[in-house]
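Take a look at the structure below.
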Amino acid sequence: MHQSITNLNNIQNLINSKQDALNNDNIKIVAVSKTFAIDHIKPLIDYGHNHFGENKVQEAIEKWTEIKLNKKNILLHLVGKLQSNKTKPALKIFDYIHSLDNEKLAKKISEEQKKLQKKPKIFIQVNIGNENQKSGIDISNLKKFYETCISLDLNIIGLMCLPPLDSDPEKYFLRMKYLNKDLGLKELSMGMSGDFMSAIENNATFIRIGSKIFGERKYKTT
């Protein structure tokens, strides 16, 4: 059995072992396949896994266009930042967008989804740690931004966050749990390889796992 399949099963078994203490029995594992070639990902595709995450629109188009034509069950998640000028190609290839973080982008998605007759499932990214260098909606503006998105006919299914790297994510996940609940949203995208169990314990329904499935990434050096 390919190592990525073993790794995926280990994660799923860990989640299952804690299931009695969790509120959610339908946690989706998004296998974040950014930077990995498709031959490294193919064993998971053949195994039947269907949720995959990419950071860049162009990389996703090159890797996934043909596969998605042949395998209709594949669901592709944009987990990186979306530039508004990449909205049209993004909507063509992605089923989920995890990083809606400003009104300009919201309006652009609304405009393009009408043209394409395709409504992606969208998470609003919250700047949960109030970090200047990070994208996301400030908590104080979240309700107003959500209402704007609904007025634009966006399919907002939940919130997403990237907690600060240098502190315990637990308190941020807890805050996200209540923000999501206050808006009446059912899905919650948070948790990665190092902290997904803490995220799940705070009602995450989509966890974004890269290195714990595929191994460490080898980035190109110049």
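Where a number appears in this text, it was derived from the coordinates with a stated rule and is not lab data. The shown structure was predicted, so the numbers you read here are calculated from the model rather than taken from an experiment. Note that each Cβ is placed from the backbone with ideal geometry, even for glycine, and that neighbours are counted across all protein chains shown.
Compute for segment 105-148: radius of gyration divided by Kirkwood radius, i.e. Rg/Rh, restricted to C-alpha atoms, rounded to two decimals. Display every interim value, and only then the final one.
Numbers: Rg = 12.5 Å, Rh = 11.9 Å.
When Rh is taken as the Kirkwood radius, the ratio is 1.06.
Sort the following peptides by mean Cβ neighbour count (other Cβ atoms within 10 Å, averaged over residues), highest first: 128-134, 63-69, 87-93.
Numbers: 128-134: 13.6, 63-69: 15.3, 87-93: 19.0.
Descending packing order for the listed peptides: 87-93, 63-69, 128-134.
Normalise the Debye intensity by I(0) for the chain, one equal point scatterer per Cα, no solvent, then take log10 at q = 0.07, 0.10, 0.17 Å⁻¹ and round to two decimals.
Here the Debye-derived log intensity ratios amount to -0.21, -0.43, -1.30.
State, as an integer percentage, the relative contact order of segment 62-108 based on alpha-carbon contacts under 8 Å between residues 6 or more apart. Could you put the intermediate results ahead of the total?
Working: 37 pairs, mean separation 18.8, N = 47.
This gives 40 percent for segment 62-108.
For segment 129-178, what's the radius of gyration and Dmax over Cα atoms, in angstrom?
That works out to 12.3, 37 Å for Rg and Dmax.
Take the alpha-carbon centre of segment 134-193, take the same for segment 26-79, and report the distance between them in whole Å.
24 Å
If we restrict to alpha carbons, what Rg and Dmax does segment 73-186 come to, in Å?
My reading of the Cα-based Rg and Dmax gives 13.9, 43 Å.
Over 18 Å, how big is the tail of the calculated P(r) for segment 6-129, in percent of all Cα pairs? If you can, show how the numbers build up before the last one.
Working: 4324 of 7626 pairs.
So the pairs more than 18 Å apart make up 57 percent of the total in segment 6-129.
Indicate the helices, whole DSSP H runs only, in the chain that combine a mean Kyte-Doolittle hydropathy of -0.5 or more with a Cα extent along their long axis of 24 angstrom or more.
Working: long enough: none.
The answer is none, since no helix passes both cut-offs.
Hey, which of these cross-link pairs are over 27 Å Cα-Cα: 177/212; 119/144; 63/144?
Over 27 Å Cα-Cα: 63/144.
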